[in-house]
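I have placed the structure first, in the form of structure tokens, so that the comments after it can refer back to it.
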Amino acid sequence: MKAVILAAGEGRRLEPLTEVRPKPMLPVANKPLLEYVVEAAAEAGVDEIVLVVGYKRERIQSHFGDGDDWDVDIDYAVQSKQLGTGHAILQAESRVDGPFLVLNGDRILEPAIIERVLDWEPTDDALLAVTHSNQPSDYGVVEVAGERVQAITEKPPRFATATDIINAGVYRFGDDVFDVLRKTETDGELTVTAALQGLVDDDRVRAIPYDGFWLDVSYLWDYLEVNAEVLDRFGAAVSPTADVHPSCVLADDVAVGADTAIQPNASVLPGTSLGDNVLVEPNAVIANSVVLSDATVEAGAVLRDCIVGENATIGPGSTVEGGPAAVAVERALHEDVRLGGVVGDNASFGGNVTVVPGTVVGTGAVVDGGSVLRGRVPSGAEVRRG
């Protein structure tokens with residue numbers, strides 16, 4: 001049975017990080033989100049995968065190639081316009097024959113749930129893995145009676161949910177689902193949830209419960225939390241080519257990429273990932289943060305609960321103090337989230353910049369030394385002190 005993995009989306013709620021890469025290629029503990037999904041599918045016994053790609057697909061295709069590195073055969077279907085998850089599945093129609101799995105390409109889960117869906121007794125019903133969430137309104141909420149799915153509501157209003165059971169993003173369909181998708185009415189975006197609801201109305205969807213490891217990156221602060229959880233679960237991963245000075249403090253649950261240099265008296269504290277070729281200068285402190293490849297954190301800088309994009313520079317003595325913040329995303333205000341700040345790819349800070357919690361600095365922004373940043377700084381902006 002083939003697995004179709006949906007990896008065509010952009011991930012606008014994760015801007016500015018997704019301005020230069022598709023969401024499934026965001027590295028968690030120095031490995032792309034999508035790689036965790038491919039590995040889980042392979043470990044579950046899947047040996048043929050169709051990746052549905054679209055937005056900045058070259059990044060995905062150049063990384064995964066034909067799948068040999070994961071002992072699977074990978075084929076690609078292209079969704080030229082991102083018109084929803086159901087539309088994405090339709091793009092794979094010519095590449096599957098008979099029952100097939102569908103997986104979301106941006107959720108980390110255990111192979112066990114894929115195995116369970118894969119090995120479930122033969123049935124003409126669609127199968128849907130479900131799990132529990134303390135924030136069900138961020139997902140597709142599923143009402144279940146026994147094994148039968150009674151209703152699916154995509155991202156209902158907050159505090160209006162009758163259950164904490166959500167769609168886990170693992171499905172098994174017969175090839176008749178393509179006709180269902182084509183017949184599903186849309187308002188411009190064809191979602192798999194809408195098609196599933198049509199099958200629910202015909203009593204043709206069964207729920208498979210899952211209570212294991214399941215992580216999703218919806219927002220920037222989720223990215224930090226998921227990175228820390230993966231490090232805590234799987235432990236440190238320090239490249240043998242990393243150059244770590246003996247005087248440094250290096251916590252047990254960190255990831256350090258190839259050719260990264262951590263200079264004297266710097267501290268890399270729990271929950272932190274440093275990508276390849278990162279430079280951390282003397283006396284810098286980095287805690288619960290993600291620093292992507294080729295970035296530089298200069299002497300004495302302090303980063304807490306922070307994301308630093310590729311090839312970005314944090315000037316000497318700059319401070320991202322971390323802690324709780326209120327962050328606006330798509331006209332919704334999210335309060336009391338843990339996000340010290342985000343610095344986009346190729347952005348550059350001078351010395352002694354202060355970042356107020358919740359600040360998001362766009363791609364390629366240039367910030368004068370001594371500046372105080374708050375809110376959102378647009379990509380390409382220049383911030384002059386005073």
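Condition test on residue 154, is it touching a residue at least 60 places away in the same chain (Cβ under 8 Å) and either of a type outside the set (Val, Ile, Thr) or in contact with a Gly (Cβ under 7 Å, 6 or more places away or on another chain) (or both)? It is false that residue 154 is touching a residue at least 60 places away in the same chain (Cβ under 8 Å) and either of a type outside the set (Val, Ile, Thr) or in contact with a Gly (Cβ under 7 Å, 6 or more places away or on another chain) (or both). Just so you know, in region 142-176 the residues that are more than 25 Å from residue 110 (Cβ to Cβ), of a type in the set (A, V, I, L, M, F, W, C) and at pLDDT 85 or above include one that is surrounded by the fewest Cβ atoms within 10 Å (Cβ to Cβ), and it is 145.
For region 231-251, the tally of residues that are surrounded by fewer than 24 Cβ atoms within 10 Å (Cβ to Cβ) and within 23 Å of the chain's Cα centre (by Cα) stands at 8. Exactly one residue among 226, 230, 180, 170 is hydrophobic (A, V, I, L, M, F, W, C), more than 30 Å from residue 309 (Cβ to Cβ) and either outside the structural domain of residue 137 (by TED's automatic domain parsing) or touching a residue at least 40 places away in the same chain (Cβ under 8 Å) (or both), and that residue is 170.
Please find, among 232, 294, 253, the residue that is out of contact with any Phe, Trp or Tyr (no Cβ under 8 Å at 6 or more places or on another chain) and not in a loop (DSSP other than H, G, I, E, B). If you could, list the steps in order and put the result at the bottom.
Working: 294 fails: not in a loop (DSSP other than H, G, I, E, B); 253 fails: not in a loop (DSSP other than H, G, I, E, B).
Answer to the selection: 232.
Does residue 321 satisfy the criteria of being at pLDDT below 95, acidic (Asp, Glu), assigned by TED's automatic domain parsing to the domain that holds residue 299 and under 21 Å from residue 299 (Cα atoms)? Yes; evaluated as a whole, the condition is true for this residue.
Check 72, 37 and return the single one that is within 17 Å of the chain's Cα centre (by Cα) and closer than 26 Å to residue 181 by Cβ. Step through it out loud before you land on a result.
Working: 72 fails: within 17 Å of the chain's Cα centre (by Cα).
Criteria check complete, one pass: 37.
For region 235-250, what are the residues that are closer than 30 Å to residue 22 by Cβ, part of a loop (DSSP other than H, G, I, E, B), touching a residue at least 12 places away in the same chain (Cβ under 8 Å) and not β-branched (Val, Ile, Thr)? Scanning region 235-250 gives 235, 236, 239, 242.
Note on region 123-141: among residues that are part of a loop (DSSP other than H, G, I, E, B), hydroxyl-bearing (Ser, Thr, Tyr) and at pLDDT 85 or above, the one that is surrounded by the most Cβ atoms within 10 Å (Cβ to Cβ) is 133. Going by the conditions given, is residue 335 surrounded by fewer than 24 Cβ atoms within 10 Å (Cβ to Cβ), assigned to a loop (DSSP other than H, G, I, E, B) and either of a type in the set (D, E, K, R) or at pLDDT 95 or above (or both)? Against the criterion (surrounded by fewer than 24 Cβ atoms within 10 Å (Cβ to Cβ), assigned to a loop (DSSP other than H, G, I, E, B) and either of a type in the set (D, E, K, R) or at pLDDT 95 or above (or both)), residue 335 does not qualify. Of all residues in region 104-122, those satisfying the criterion of being buried (at least 17 other Cβ atoms within 10 Å of the Cβ) and within 25 Å of residue 26 (Cα to Cα) are 104, 105, 106, 107, 108, 109, 111, 113, 114.
Of the numbered criteria (1) surrounded by fewer than 18 Cβ atoms within 10 Å (Cβ to Cβ); (2) within 15 Å of the chain's Cα centre (by Cα), the one residue 63 fails is (2).
For residue 119, the conditions (1) over 30 Å from residue 188 (Cα atoms); (2) at pLDDT 95 or above; (3) not aliphatic (A, V, I, L, M) all hold with the exception of (2). For region 43-82, filtering for residues that are part of a loop (DSSP other than H, G, I, E, B) and either more than 12 Å from residue 10 (Cβ to Cβ) or outside the structural domain of residue 103 (by TED's automatic domain parsing) (or both) leaves 10.
The set of residues in region 35-86 being among the small types (Gly, Ala, Ser) and on the phi < 0 side of the Ramachandran plot consists of 40, 41, 42, 44, 54, 62, 77, 80, 86.
Take residue 360 and decide whether it is of a type in the set (Val, Ile, Thr), buried (at least 21 other Cβ atoms within 10 Å of the Cβ) and either more than 21 Å from the chain's Cα centre (by Cα) or not assigned by TED's automatic domain parsing to the domain that holds residue 291 (or both). Considered against the rule, which asks whether it is of a type in the set (Val, Ile, Thr), buried (at least 21 other Cβ atoms within 10 Å of the Cβ) and either more than 21 Å from the chain's Cα centre (by Cα) or not assigned by TED's automatic domain parsing to the domain that holds residue 291 (or both), residue 360 comes out as no.
Select from region 172-193 the residues that are of a type in the set (D, E, K, R), assigned to a loop (DSSP other than H, G, I, E, B) and farther than 17 Å from residue 5 by Cα and list them in ascending order. Across region 172-193, the qualifying residues are 176, 185, 187, 189.
In the set (1) free of Cβ contacts under 8 Å to residues at least 60 places away in the same chain; (2) assigned to a helix (DSSP H, G or I), residue 88 fails one condition alone, (1).
The values are calculated or read from the model by the stated rules, or taken from the named source; none is laboratory data. Because the structure is a prediction, the values reported are computed rather than measured. Virtual Cβ from ideal backbone geometry, glycine too; neighbours counted across all protein chains shown.
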